[in-house]
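The values are calculated or read from the model by the stated rules, or taken from the named source; none is laboratory data. What you are looking at is a predicted structure, and each value in this text was computed from that prediction instead of being measured. Using ideal geometry, Cβ is built from the backbone for each residue, glycine included, and neighbour counts are taken over all protein chains shown. Note: accessible area is taken over every heavy atom of the protein model, side chains too, but ligands, DNA and RNA are not part of it. Shrake-Rupley method; radii C 1.70, N 1.55, O 1.52, S 1.80 Å.
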Amino acid sequence: AFEPPTAIDACVKELKEESLMIFPEGHFQRHHRFLYFHTGAVRIALQARADIIPCHIYHSDDITDYDLRWVSPGQVNIVFGNEWDLSKYYGKQNNHKLVRKLTLELESKIKRLHPDYNRKYKNEKKVI
């Protein structure tokens, strides 16, 4: 594994040449809820001058053995949101307050893609 600055640079290089899928939570767990969203996805997008297309994968619990960290063949659902234009923020990846604010906005965009959003997440409070 790369150290965070090296990982960011490697992702920026990759994103400038190809598309890149990033899971902002950074890991998975069996508790069927969203985890803390890390700022790396937003920092990478700003540094690479790229927009973000939020997506949410659900029903992955049906094919994942969390104890063995194993994924079996099966069906999952992936929902894509609208492209998020970040151009007015390009180059501001070192503004920590802005990056955290944008990360919370990304988290909100991804949660709204969840089929149970209104029941589970709509009234959730977030602190910057």
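Kindly indicate the residue of the stretch 62-103 that is part of a helix (DSSP H, G or I) and at pLDDT below 85 and also least open to solvent (accessible area, probe 1.4 Å) among those meeting that condition.
Across the stretch 62-103, the extreme among qualifying residues is I63.
Within the stretch 104-114, count every residue that is open to solvent by 50 Å² or more (accessible area, probe 1.4 Å) and over 15 Å from D51 (Cβ atoms).
Of the residues in that region, 1 qualify.
Please specify each residue of the stretch 34-58 satisfying the condition of being open to solvent by 10 Å² or more (accessible area, probe 1.4 Å), touching a residue at least 12 places away in the same chain (Cβ under 8 Å) and of a type outside the set (A, V, I, L, M).
Within the stretch 34-58, F34, H38, T39, G40, R43, Q47, R49, D51, C55, H56, Y58 qualify.
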